[in-house]
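Here is the structure we will look at, set down as structure tokens.
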Amino acid sequence: MKPVILDVDTGLDDACALLLAARHPDLDLKAVTCVGGNVGLEEVVVNTLTVLEAAGRTDVPVGRGAARPLLQPVRSAPHVHGADGLGDLDWPKSTRTADSRHAVELLREVLLEAVSLGEPITLIPLAPMTNIALLLRTYPEAAEGLREIVFMGGAAGIGNATASAEFNIWTDPEAAAIVLGAAGELGVPVTMYGLDVFYDVLITLDEARGLAGSRSAELAGKLIEKRSLLYRSDGASIGDGGAVCAVIDPTGLTTEPFPLRIELSGSWSRGRTIVDTRDWTGDLTSDPYGAAPTVVQVATAVDGRRYADLWLKTVK
Ligand code: RIB
Ligand code: CA
């Protein structure tokens, strides 16, 4: 089993990712940490506990982390996830409480334990990377427990929160810049599962309506139905869930190594992931900035049907 930690801002599609990570037999879900993003931190924690309960995984520790980005105010996305972040579904909320440790302390402890066991962990951030930036700045030694980081965020092409930027990176660009820089310095491999592939793992409405027979399947079906309704389409992508698929079945994802920077200013481009696809190094001789120091595996294509089947089979 591959040990993993998810960092989430649950969120309809974070919920799709949680169900998959909680139930797939090849993954050992060590912990889930929460950050404010799609909704406020308290809603994120309740939603995360609710989804894990539906998956039958009340054993997984859930850490409450940062309520807001490092520099800028919180900006939530009720138009994408509903007022409660979980589509305002008719679904009972968990009454469990989060772990007593702050998310950063929980991450540190689980990662240092992984070092002592010799079993490094794959970290899957699916939200603004505030918690991860705080972790790597406060306890850089914890990076030794990381096998890799596979994050949902950014894009080489399109944006969603703005024309230029994807929501997770746009919400906390400084955190993303810190994480990328630290990963480069500490030698942690990074994969970016961005908007270039995010929409391509599609579940049809028929498939969603066919999900039944367990609490997990029932919730999974409702999540896709709600996303379809919000997007006014006859199906929906599993969104963040695709990044978990990429950890379970990496050969379904095509990636290319590119230097990557985060735009921290710009009139209209703050939060953009600048993917340097130049293939002629001659250009660098006149580039005053030079190549970005961190090279990231950027997802450029995905086998959407294969990942959709993987998700359906697992959440059933
Ligand atoms: O931008 C895609 C991101 O926004 C995902 O992490 C998802 O949670 C959505 O809210
Ligand atoms: Ca998310």
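The values are calculated or read from the model by the stated rules, or taken from the named source; none is laboratory data. Given the structure is predicted, the values throughout are model-derived calculations rather than measurements. Backbone-built Cβ (ideal geometry, glycine too); neighbour counts: all protein chains shown. Note: accessible area is taken over every heavy atom of the protein model, side chains too, but ligands, DNA and RNA are not part of it. Shrake-Rupley method; radii C 1.70, N 1.55, O 1.52, S 1.80 Å.
Of note:
- Residues in the stretch 294-313 that are under 16 Å from GLY235 (Cα atoms) and either among the hydroxyl-bearing types (Ser, Thr, Tyr) or in a strand (DSSP E or B) (or both): TYR307 only.
- Subset of the stretch 98-128 (residues that are more than 23 Å from GLU53 (Cβ to Cβ) and either touching a Ser or Thr at 6+ places or on another chain (Cβ under 9 Å) or at pLDDT below 95 (or both)): VAL104, ARG108, PRO128
Yes/no matrix, rows are residues, columns are (1) within 11 Å of ligand 1 (Cβ to nearest atom); (2) under 25 Å from GLY118 (Cα atoms); (3) surrounded by 23 or more Cβ atoms within 10 Å (Cβ to Cβ):
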{"site": "ILE5", "(1), (2), (3)": "no, yes, yes"}
{"site": "ASP9", "(1), (2), (3)": "yes, no, yes"}
{"site": "ASP13", "(1), (2), (3)": "yes, no, yes"}
{"site": "CYS16", "(1), (2), (3)": "yes, no, yes"}
{"site": "LEU19", "(1), (2), (3)": "no, no, yes"}
{"site": "ASP28", "(1), (2), (3)": "no, yes, no"}
{"site": "CYS34", "(1), (2), (3)": "no, no, yes"}
{"site": "ASN38", "(1), (2), (3)": "yes, no, yes"}
{"site": "VAL51", "(1), (2), (3)": "no, no, yes"}
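- Among the residues making up the stretch 301-316, those that are open to solvent by less than 60 Å² (accessible area, probe 1.4 Å) and out of contact with any His (no Cβ under 6 Å at 6 or more places or on another chain) are ALA301, VAL302, GLY304, TYR307, ALA308, LEU310, TRP311, LEU312, VAL315.
- Among residues of the stretch 8-27 that are without any contact (Cβ under 8 Å) to a residue 40 or more places away in the chain, those with a beta-carbon under 7 Å from a residue that is within 9 Å of ligand 2 (Cβ to nearest atom) and open to solvent by less than 10 Å² (accessible area, probe 1.4 Å) at least six positions away or on a different chain give the pairs LEU18/VAL8; LEU18/THR10.
- Of the criteria (1) under 21 Å from the mean Cα position of the chain (by Cα); (2) open to solvent by 10 Å² or more (accessible area, probe 1.4 Å), which one GLU113 fails: (1)
- Scanning the stretch 157-192 for residues that are assigned to a helix (DSSP H, G or I), open to solvent by 20 Å² or more (accessible area, probe 1.4 Å) and among the hydrophobic types (A, V, I, L, M, F, W, C), we see that the one that is nearest to ligand 2 (Cβ to nearest atom) is PHE167.
- Positions within the stretch 4-37 being away from ligand 2 (no atom under 16 Å from the Cβ) and among the charged types (D, E, K, R), in sequence order: ARG23, ASP26, ASP28, LYS30
- The stretch 212-251, subset open to solvent by 10 Å² or more (accessible area, probe 1.4 Å), assigned to a loop (DSSP other than H, G, I, E, B) and touching a residue at least 40 places away in the same chain (Cβ under 8 Å), residue farthest from ligand 1 (Cβ to nearest atom): GLY213
- Checked against (1) crowded, with 24+ Cβ neighbours inside 10 Å; (2) touching a residue at least 40 places away in the same chain (Cβ under 8 Å); (3) assigned to a helix (DSSP H, G or I), GLY154 meets all criteria but (3).
- Checked against the criterion of being away from ligand 2 (no atom under 15 Å from the Cβ), without any contact (Cβ under 8 Å) to a residue 12 or more places away in the chain and surrounded by fewer than 18 Cβ atoms within 10 Å (Cβ to Cβ), the stretch 62-78 has at least one qualifying residue.
- Hits in the stretch 277-303 - residues which are of a type in the set (Asp, Glu), more than 26 Å from the chain's Cα centre (by Cα) and closer than 22 Å to THR254 by Cα: ASP279
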